[in-house]
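The values are calculated or read from the model by the stated rules, or taken from the named source; none is laboratory data. On a predicted model such as this, the values are computed, not experimentally measured, just so you know. Backbone-built Cβ (ideal geometry, glycine too); neighbour counts: all protein chains shown. Quick note on the areas: whole protein, heavy atoms, side chains included, nothing else; ligands and nucleic acids left out. Shrake-Rupley method; radii C 1.70, N 1.55, O 1.52, S 1.80 Å.
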Amino acid sequence: MSNQISYSKNTIDKATLLHLYKSMLKPRLIEEKMLILLRQGKISKWFSGIGQEAISVGVTSALNSDEYILPMHRNLGVFTTRKIPLHRLFSQWQGKLNGFTKGRDRSFHFGTQDYNIVGMISHLGPQFGVADGIALANKLKNNKQVCAVFTGDGGTSEGDFHEALNVASVWSLPVLFCVENNGYGLSTPVSEQFNCADLADKGIGYGMESHVIDGNNIIEVYTKVTEFAESIRKEPRPILLEFKTFRMRGHEEASGTKYVPQELLDKWAAKDPIENYQQYLKSKGILTEEIEIRFKTEIIYEINEHLQIAFDEEKITPNLETELSDVYKEYDFEEVIPSEKKNNIRLVDAVSEGLRQSMERYDNLVIMGQDVAEYGGVFKITDGFVAQFGKERVRNTPICESAIVAAAYGLSVNGMKAVMEMQFADFVSSGFNPIVNLLAKSHYRWNEKADVVVRMPCGAGVGAGPFHSQTNEAWFTKTPGLKVIYPAFPQDAKGLLTSAINDPNPVLFFEHKALYRSVYQEVSEDYFTLPIGKASLLKEGKDVTIISYGLGVHWALETLEKNTAIKADLIDLRSLQPLDTATIYASVKKTGRAIILQEDSMFGGIASDLSALITENCFNYLDAPVKRVASLETPIPFEPNLEKQYLANARFEESLLEVLNY
């Protein structure tokens, strides 16, 4: 067979040419073995990269080993070129403890800081945003490093792809966006996915340099990516690379390739990156039969040796304590006692103070969000921050919540801290996926922290209508791995925000807009922290336990001031996840009655879980059914009288009296 690929070795030395060949041969031989094990039921699933080895190997070889790379399903060559011990990969695929996810995730859904690899999640798009964050950290550190990230042709249709390219271009981030155009997104051909001549064309609209590369030509991949990486290290900027290749097997083995025309398979089989390169090296007298046999013998021996290590490893024995303790990164709370010197300030000022003092405390803390820089944010919380901390650390973002949440995670991966402001909590729906699938699951999946705080200006009572008034905390209290904080007073807002920033776990920090400028309190002037997960007992009484948070706490206080004969324990939860059940149970066991007030609508809100917890744990102490009071089961209306009817406070006093008179 004559060569179907045109090679030009340029100035590459013989040793490198042979190394590239061996580096491609290794993942191919591993894959061939894995396909046998898959049929034998010894691994659960396989996403084949056969025919695409030149891309993974070429890109990884062009990068320095301390530069981050973010692979996808079909990039086994990334892992092997980074010299990860094979037995660890084999353990990963068998769901054993010596893998990278303790049996919690499969195939290539993992990362490892030891090898500067950040694995994907099944929602492909956020990978590019994570690369943005890693590249931003590199740029802020001025370490002259590039970051490379992979996706397939299918992933380029996702909104996250476009958001991430735009952010990278606007911020001139040193990142290589690598698109493997292998012909199909599962079974959907590229002709049904996009209508441009090349996927590289998508970079044009973002003002980004882009190139098309023969993804089956290892020399072209290696030399061009090396050239681009060296250029980016000197002049930070993103480059979009489209690698033309083909997926020779199914999306995963169970799906097969019956939907692919045979002539297409035949055409690309003739362009096999390893067979063509092998013939080229032999024609130049660089690869001999002796060297080839030695390479294969060494690799096969290594595969078999490491497979045996993985096979001999015991299956994971489930341990409940381990599973529960790994949801969050272990963190020792550092208590900083509030000073006696206080100022009477608003909640909005307290949030700003906590943020400012945290920025002073951490040089590696970055604030990101729409209009947060010179404008100071729509609520002016970061007003003046650019003058003090500079635009590098206080960053206006395009309107792309998903990419910025993912970038915040990338900053964390690369050793920094991030606070991302959702302009309104309602807009979090546009960044929902990376919060609940990336941030929340990161530590549990591969022991990687997500040192990110997402600030959430929320709540009704300001006539802002359905899209600027939601209090959507229940979306996140349901998701293991997230912490959710919701203060009602300035002192709590400041101390809990500083604690949230200290905490290496992802935190959703809710700030009620109606309280920003209406609630004043004496707040400690200096930096201090408050423990997350500890409720505040605001009032004590024997008649009833009132449980609330946010604006609901103030509704409850107003009701008790109006009804002075009612002696109640009033609990301000402050933290919704983790939840201070001990304080709740102790109070309910004392009073025998409980009412829960929330601004959110009833069904699926946190009041439902609180009611269930109290019933399950305090039933023998109850003198009345647990009562929930919530807003109407409608979106939030704009007109003042409609909004007043919607909100729960209009019905709280009557419900409280019902509980007391039961």
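Does the stretch 441-458 include one or more residues that are more than 19 Å from the chain's Cα centre (by Cα) and of a type in the set (Ser, Thr, Tyr)? No, the stretch 441-458 contains no residue that is more than 19 Å from the chain's Cα centre (by Cα) and of a type in the set (Ser, Thr, Tyr). Within the stretch 295-316, the set of residues being part of a helix (DSSP H, G or I) and acidic (Asp, Glu) comprises Glu298, Glu302, Glu305, Asp312.
Among the residues of the stretch 14-56, which ones are of a type in the set (Lys, Arg), in contact with a Ser or Thr (Cβ under 9 Å, 6 or more places away or on another chain) and at pLDDT below 95? Spell out the reasoning first.
Filtering the stretch 14-56 down to residues of a type in the set (Lys, Arg) leaves 14, 22, 26, 28, 33, 39, 42, 45.
Now drop any that are not in contact with a Ser or Thr (Cβ under 9 Å, 6 or more places away or on another chain), which leaves 26, 45.
Of everything in the stretch 14-56, just one residue is of a type in the set (Lys, Arg), in contact with a Ser or Thr (Cβ under 9 Å, 6 or more places away or on another chain) and at pLDDT below 95, namely Lys45.
For the stretch 65-76, indicate whether the set of residues that are at pLDDT 90 or above, polar (S, T, N, Q), within 25 Å of the chain's Cα centre (by Cα) and open to solvent by 10 Å² or more (accessible area, probe 1.4 Å) is non-empty. The answer is yes; a qualifying residue exists.
With Val212, Val190, Val179 as the choices, which residue is touching a strand residue (DSSP E or B) at 6+ places or on another chain (Cβ under 9 Å), within 25 Å of Asn10 (Cα to Cα), open to solvent by 20 Å² or more (accessible area, probe 1.4 Å) and of a type outside the set (Lys, Arg)? Walk me through it before giving the result.
Numbers: Val190 fails: within 25 Å of Asn10 (Cα to Cα); Val179 fails: open to solvent by 20 Å² or more (accessible area, probe 1.4 Å).
The conditions single out Val212.
Those strands (runs of 3 or more DSSP E) of the stretch 473-556 in which at least 2 residues are surrounded by fewer than 20 Cβ atoms within 10 Å (Cβ to Cβ), considering only elements entirely within it, cover 520-524, 536-539.
For Gly431, indicate whether it is of a type in the set (Gly, Ala, Ser) and in contact (Cβ under 8 Å) with a residue 60 or more places away in the chain. Working first, answer last.
Values: of a type in the set (Gly, Ala, Ser): yes; in contact (Cβ under 8 Å) with a residue 60 or more places away in the chain: no.
Answer is no for this residue.
Considering the stretch 123-145, the residues that are in contact (Cβ under 8 Å) with a residue 24 or more places away in the chain and of a type in the set (S, T, N, Q) include one that is most open to solvent (accessible area, probe 1.4 Å), namely Gln145. The number of residues in the stretch 611-630 that are within 12 Å of Ile596 (Cβ to Cβ) and hydrophobic (A, V, I, L, M, F, W, C) comes to 6. Listed conditions (1) out of contact with any helix residue (DSSP H, G or I) (no Cβ under 7 Å at 6 or more places or on another chain); (2) under 23 Å from Lys26 (Cβ atoms); (3) assigned to a loop (DSSP other than H, G, I, E, B); (4) open to solvent by 20 Å² or more (accessible area, probe 1.4 Å) are all met by Phe100, apart from (1).
Return the residue satisfying two criteria in turn: it lies in the stretch 105-122 and is among the small types (Gly, Ala, Ser) and farther than 14 Å from His443 by Cα, and of such residues it is surrounded by the fewest Cβ atoms within 10 Å (Cβ to Cβ). Steps first, answer last, please.
Of all residues in the stretch 105-122, those among the small types (Gly, Ala, Ser) come to 107, 111, 119, 122.
This time we only want the ones that are farther than 14 Å from His443 by Cα, so: 107, 122.
Details: Ser107: 18, Ser122: 8.
Out of the qualifying residues, it is Ser122.
Go through the stretch 629-645 and give me each residue that's crowded, with 20+ Cβ neighbours inside 10 Å and either at pLDDT 95 or above or not hydrophobic (A, V, I, L, M, F, W, C) (or both). Lay out the reasoning, then the answer.
So the first thing to find is which residues in the stretch 629-645 are crowded, with 20+ Cβ neighbours inside 10 Å, and the list is 629-631, 636.
Across the stretch 629-645, the qualifying residues are Val629, Ala630, Ser631.
Taking each residue of the stretch 565-577 that is more than 18 Å from Asn661 (Cα to Cα) and open to solvent by less than 10 Å² (accessible area, probe 1.4 Å) and looking for partners that are assigned to a strand (DSSP E or B) and among the polar types (S, T, N, Q) with beta-carbon atoms closer than 6 Å, six or more apart or interchain, yields Asp572/Ser536.
A quick yes/no check of all residues on (1) within 26 Å of the chain's Cα centre (by Cα); (2) at positive phi; (3) modelled with pLDDT under 95:
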residue: Lys144; (1), (2), (3): yes, yes, no
residue: Asn166; (1), (2), (3): yes, no, no
residue: Pro174; (1), (2), (3): yes, no, no
residue: Gly185; (1), (2), (3): yes, no, yes
residue: Val212; (1), (2), (3): no, no, no
residue: Thr223; (1), (2), (3): no, no, no
residue: Ile239; (1), (2), (3): yes, no, no
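Condition check ((1) touching a Phe, Trp or Tyr at 6+ places or on another chain (Cβ under 8 Å); (2) loosely packed, with under 14 Cβ neighbours inside 10 Å; (3) not in a loop (DSSP other than H, G, I, E, B)) across all residues:
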{"residue": "Leu264", "(1), (2), (3)": "yes, no, yes"}
{"residue": "Gln278", "(1), (2), (3)": "yes, no, yes"}
{"residue": "Leu281", "(1), (2), (3)": "yes, no, yes"}
{"residue": "Ile293", "(1), (2), (3)": "no, yes, yes"}
{"residue": "Pro318", "(1), (2), (3)": "no, yes, no"}
{"residue": "Tyr328", "(1), (2), (3)": "no, no, no"}
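Screening the stretch 573-596 for residues that are closer than 24 Å to Pro480 by Cβ and not aliphatic (A, V, I, L, M) and picking the one that is farthest from the chain's Cα centre (by Cα) gives Tyr585. Evaluating Ser44 against the criteria (1) part of a loop (DSSP other than H, G, I, E, B); (2) within 24 Å of the chain's Cα centre (by Cα) leaves one unmet condition, (2). Taking the listed residues Leu632, Leu622, the one that is in contact with a strand residue (DSSP E or B) (Cβ under 7 Å, 6 or more places away or on another chain), among the aliphatic types (A, V, I, L, M) and either free of Cβ contacts under 8 Å to residues at least 40 places away in the same chain or under 24 Å from Ala535 (Cα atoms) (or both) is Leu632, with no other qualifying.
Would you be able to say whether some residue in the stretch 278-297 is under 36 Å from the mean Cα position of the chain (by Cα) and either under 20 Å from Glu53 (Cα atoms) or without any contact (Cβ under 8 Å) to a residue 24 or more places away in the chain (or both)? Write out each step before concluding.
If we filter the stretch 278-297 for residues that are under 36 Å from the mean Cα position of the chain (by Cα), which is where we start, we get none.
No, the stretch 278-297 has no match at all.
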